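The values are calculated or read from the model by the stated rules, or taken from the named source; none is laboratory data. In this text, all values refer to a predicted model and were calculated from it rather than measured experimentally. Because the Cβ atoms are built from the backbone with ideal geometry, glycine has one as well, and the counts that use them run over all protein chains shown. Remember, those area values only see protein heavy atoms, side chains included, never the ligands or the DNA or RNA. Shrake-Rupley method; radii C 1.70, N 1.55, O 1.52, S 1.80 Å.
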Amino acid sequence: MKLASLPQGRDGRLIVVSDDLAWYADADHIVPTMQALLDDWDRYAPMVEALSIELAHEAIPRKRFHEREACAPLPRAFQWADGSAYVNHVELVRKARGAELPESFWTDPLMYQGGSDDLRGGREPLLLADEAWGCDLEAEIVVVTGDVPQGVTPEQAVAHVRLVGLVNDVSLRNLIPGELAKGFGFVQSKPASHFSPVLVTPAALGTAWSGGKLSRTLNVFLNGEPFGRVEAGEECTFDFGVLIAHLAKTRSLGAGTIIGSGTVSNRDPDGSPGRPVAQGGRGYACIAEQRMVETIAQGSPVTPFLKWGDSVRIEMRDEKGKSIFGAIEQTVTQP
């Protein structure tokens, strides 16, 4: 089933959405919010699933679903942590700031704790107060878990994934080096993240979801032009089972925990960092990677970071060309 939230109060109002994202039905008579559903999944999920089936058969009243009207599926969450499933990305962005990649990064995931009290919808503007901060998009996969016990194994962890979606995990690249130099991690350099309008159960993803990985093409557009068409299932060093188990090594996780994959990243078949879409490559899911490749090729970056008025679109489609999660589509705006 596919789920979304419409604006209401602090936590939104739960709705079920049709597979083609054209229609929705209210679910708040069963359970008011997505967080409440996650809190008592075994009780409420079968009833919401039944509602989804009735919607598919046009057996209940339905309304037109407009992605622009949806807020973040979880407008605030108890936890938002972002991992490093695509080590190629980590290697490139570290090179961009003159840092070497430790060998352990290929066996032990990176993860940081993001702000989870202000999660934004896919059609809300990307607010940027100062262009000099080096604003970058980061297109990623996310999962939302149920309750996860401490010490869970990667194999066990996958069973705790309740929902899957997309995120633009915005970074302010020019603020990152100074923050990391303090030795305490990201704070100001990681503003609010923007989530896809719809989250989807793993079962509804079919064969695209397997072994804790989502294997579809993630499409990124910058100012209306193709910027990335990266394959999410390839070169995924750490599946979501590994990432969940990493976070749960020393603590349990509450229902509604959101975990990100890190920026999806591919190498070229010859092992090179990859080529822009305009040159026949798969492109990139963040600007920093393209800037790093430009630096390698010509000594300095050419592609600018995001400016006021720029537009970003992030979307994943199924084998029939239909949008799976809806699109994150936003314009960079001065607050």
In the neighbourhood of residue 70 defined by beta carbon distances under 13 Å, the net charge of the other residues (Lys, Arg +1; Asp, Glu -1) is +3
HN-Hα J couplings of segment 67-79 from phi, Karplus 6.51/-1.76/1.60, θ = phi - 60°, integer Hz, Gly and Pro as x? 4, 5, 8, 7, 8, 4, x, 10, x, 8, 10, 6, 7
If each Cα of segment 88-177 is one equal point scatterer, what is log10 of I(q)/I(0) from the Debye formula at q = 0.12, 0.16 Å⁻¹? -0.55, -0.94
Using only alpha carbon pairs under 8 Å that are at least six residues apart, calculate the relative contact order of the chain and give it in whole percent. 22
In segment 266-328, taking the dipole from +1 charges on Lys and Arg beta carbons and -1 charges on Asp and Glu beta carbons about the Cα centre, the listed residue (298, 287, 309) farthest towards the positive end is 309
Net charge near residue 324, counting Lys/Arg +1 and Asp/Glu -1 over other residues with Cβ under 14 Å of its Cβ? -1
With a 10 Å radius around each residue's Cβ, average the other Cβ atoms per peptide and rank 314-321, 164-171, highest first. 164-171, 314-321
Per residue, accessible area of the chain with a 1.4 Å probe, heavy atoms of protein chains only, in Å², comes to 43
Cut-off under 5 Å, modelled amide H: who pairs with residue 174 long-range: 134
Going toward the positive end of the dipole of the chain, with +1 on Lys and Arg Cβ and -1 on Asp and Glu Cβ, which of 3, 183, 137 do you reach last? 137
Using amide H atoms built 1.01 Å from N in the peptide plane, name the residues 5+ places from residue 227, or on other chains, whose amide H lies under 5 Å from its own. 220, 221, 222
Among 49-61, 301-313, 69-81, the order from most to least packed when residues are scored by Cβ within 10 Å on average: 69-81, 301-313, 49-61
For the chain, give the share of DSSP beta bridges that are antiparallel, in percent and rounded to the nearest 5; count only bridges with both residues there. 85
Could you run the Karplus curve 6.51 cos²θ - 1.76 cosθ + 1.60 with θ = phi - 60° over segment 126-132 and give me ³J(HN,Hα) per residue in whole Hz, x for Gly and Pro? 8, 7, 9, 6, 9, 4, 5
Sorted by packing (mean other beta-carbon atoms within 10 Å per residue), highest first, where do 146-152, 236-242 land? 236-242, 146-152
Size of electric dipole in the chain: Cβ of Lys, Arg +1 and of Asp, Glu -1, about Cα centre, debye, nearest 20: 340
Can you list residues whose amide H is under 5 Å from residue 163's amide H, if they're 5+ apart or on another chain and H is modeled 1.01 Å from N? 144
Leaving out ligands, DNA and RNA, and with a 1.4 Å probe, what % of the accessible surface on segment 1-104 is carbon or sulfur? 47
GNM of the chain, Cα pairs under 10 angstrom: of 180, 126, 14, the biggest fluctuation goes to 180
Using helices alone, I'd like the mean residue ellipticity at 222 nm for the chain: each DSSP H run of four-plus residues gives -39500 (n - 2.57), total over residue count, nearest 500. -5000 deg cm²/dmol
Using a 1.4 Å probe on the protein chains only, how many percent of the accessible area of segment 185-335 belongs to carbon and sulfur? 50
